[in-house]
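The values are calculated or read from the model by the stated rules, or taken from the named source; none is laboratory data. Remember, predicted model here, so these are calculated numbers, not experimental data. Please note: Cβ atoms are built from the backbone with ideal geometry, for glycine as well, and neighbour counts cover all protein chains shown.
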Amino acid sequence: MNTKAKEVAVIPPKPLTVQERAAAVFAAVPSEEALRELAKKSATITAITNEDGKSQCHAARMVLKNTRLEIARVGEEGREDAVQTSKAIIAIQKSRIGLISPEETRLQAIQDEWDARIEREKQRRIDEEVARVAEIQRLIDGIRNWPVKAANDGSALVAQKLREAQDYRITESAFQEFAPVATQALQVSVAALTGLLAQAKEREEKEAQLEEDRKELARLRAEQAERDRVAAAERAAQEAADRARREEEQRQRDEANRLERAAIAAEAAATAERLRKEQEAAAEVLRQQRAENDRIAAERQAELGREAAENARIAAERRAELDLAEEAARQERAAEAQRQAQAAAELAAREEALRTKPEKRHGQRPSRDAIVQCVAEKFEVKPERAQTWLREIDWEAVT
């Protein structure tokens with residue numbers, strides 16, 4: 001009796017779904033529950049009050065950040081598997097990062113606020129120190145200016161200011177580390193006011209002596225005026241004779257002055273004309289310089305226009321390259337779809353042939369593995385790929 005090996009249909013295991021394959025990519029990173037627990041660990045950190053708090057906040061944020069980076073790294077590697085798997089991985093990636101990213105952002109904001117507060121405190125201390133030193137310097141400058149303000153005062157006012165300066169006390173609380181400088185300035189001002197007082201007294205004594213001299217001079221002038229009155233009568237006759245002579249001389253001088261003024265006016269007119277011509281020449285030079293500046297500006301504007309056009313051309317070329325790459329990818333997808341449709345058609349034709357000619361197959365249907373192997377050999381792909389094609393075929397549409 002002719003025996004044949006009994007064919008056993010091998011049922012392949014149920015393939016993983018897209019979500020299961022995407023989840024498998026993240027098997028090496030913490031689960032969602034672990035990530036939620038990780039995010040809750042730092043929930044008690046709400047503000048930074050000292051350096052230890054800052055270190056704790058920074059450490060917690062770095063753990064979250066490193067976890068996020070690890071999730072992102074694993075996700076980026078898994079996205080290379082396939083288009084559908086990539087979409088699922090991206091969704092899980094965003095979901096898991098979204099679980100901890102707000103907490104990282106919140107901790108970063110807390111840390112930034114701490115740093116800003118420390119910086120503001122430093123600046124406030126600097127401003128207070130500058131204001132303190134400026135106020136002390138103002139007091140010292142006021143002490144130094146006492147002699148300057150009293151330079152033109154009388155001896156009584158100078159003496160009063162000298163007493164005030166001598167009674168002034170330099171205290172550590174008011175001048176702090178600048179107390180030695182203030183003490184030196186006070187000593188200099190007291191010495192200067194002492195000298196000013198002596199000068200004021202000497203000046204007032206000289207003014208009193210000058211007043212007595214002015215009175216004596218007035219008496220002498222009165223006596224001289226009387227003598228002059230007598231002499232004036234004697235000179236009146238002589239002056240009458242001299243007046244006619246002086247008037248003639250004055251007339252001659254006036255004529256000479258008129259001629260001189262005319263000459264000066266002519267010279268001034270010539271000078272004005274020369275200045276006018278020089279101004280016109282300067283204006284022409286300025287006009288030419290402005291024209292040259294306008295030309296340079298126009299050339300620069302044109303050069304900027306050419307650069308903008310070149311940048312636009314490069315951008316257009318880049319967009320064209322991207323469009324070509326996208327078109328090539330689209331054509332590749334269309335070719336892949338066409339190959340799958342052709343494989344389905346050929347497979348349907350084979351099944352139809354098997355149904356119409358059962359005697360060539362000894363009256364038995366081909367096994368699943370035989371069909372898969374047939375498709376794989378036809379299109380020179382691995383059996384796993386052929387099995388995926390067969391699973392994705394819409395058989396109702398084919399029949």
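The residues listed here are R276, R261, R300; of these, the one that is surrounded by 10 or more Cβ atoms within 10 Å (Cβ to Cβ) and within 35 Å of the chain's Cα centre (by Cα) is R300. Pairing residues of the range 118-133 that are assigned by TED's automatic domain parsing to the domain that holds A182 with residues that are basic (K, R) and exposed (fewer than 10 other Cβ atoms within 10 Å of the Cβ), at Cβ distances under 7 Å and at least 6 apart in sequence or on separate chains, gives no pairs at all. Could you tell me whether any residue of the range 116-137 is surrounded by 11 or more Cβ atoms within 10 Å (Cβ to Cβ) and at pLDDT 90 or above? Yes, there is a match, as at least one residue in the range 116-137 is surrounded by 11 or more Cβ atoms within 10 Å (Cβ to Cβ) and at pLDDT 90 or above. Within the range 80-97, is even one residue small (G, A, S), in a loop (DSSP other than H, G, I, E, B), over 30 Å from V158 (Cα atoms) and over 34 Å from the mean Cα position of the chain (by Cα)? Looking for residues that are small (G, A, S), in a loop (DSSP other than H, G, I, E, B), over 30 Å from V158 (Cα atoms) and over 34 Å from the mean Cα position of the chain (by Cα), one finds at least one in the range 80-97, hence yes.
Restricting to the range 150-161, count the residues that are under 17 Å from L186 (Cβ atoms) and modelled with pLDDT of 80 or more.
2
Given the condition of a type in the set (D, E), assigned to a helix (DSSP H, G or I), over 60 Å from the mean Cα position of the chain (by Cα) and over 25 Å from V158 (Cβ atoms), answer yes or no: does some residue in the range 202-212 qualify?
Of all residues in the range 202-212, those of a type in the set (D, E) come to 202, 204-205, 207, 211-212.
Restricting the remaining residues to those that are assigned to a helix (DSSP H, G or I) gives 202, 204-205, 207, 211-212.
After this cut, where a residue has to be over 60 Å from the mean Cα position of the chain (by Cα) as well, the list is 202, 204-205, 207, 211-212.
Next, from what is left, pick out any that are over 25 Å from V158 (Cβ atoms): none.
No.
Considering the range 369-387, and only residues there that are within 60 Å of the chain's Cα centre (by Cα) and loosely packed, with under 15 Cβ neighbours inside 10 Å, the residue that is nearest to P15 (Cα to Cα) turns out to be E384.
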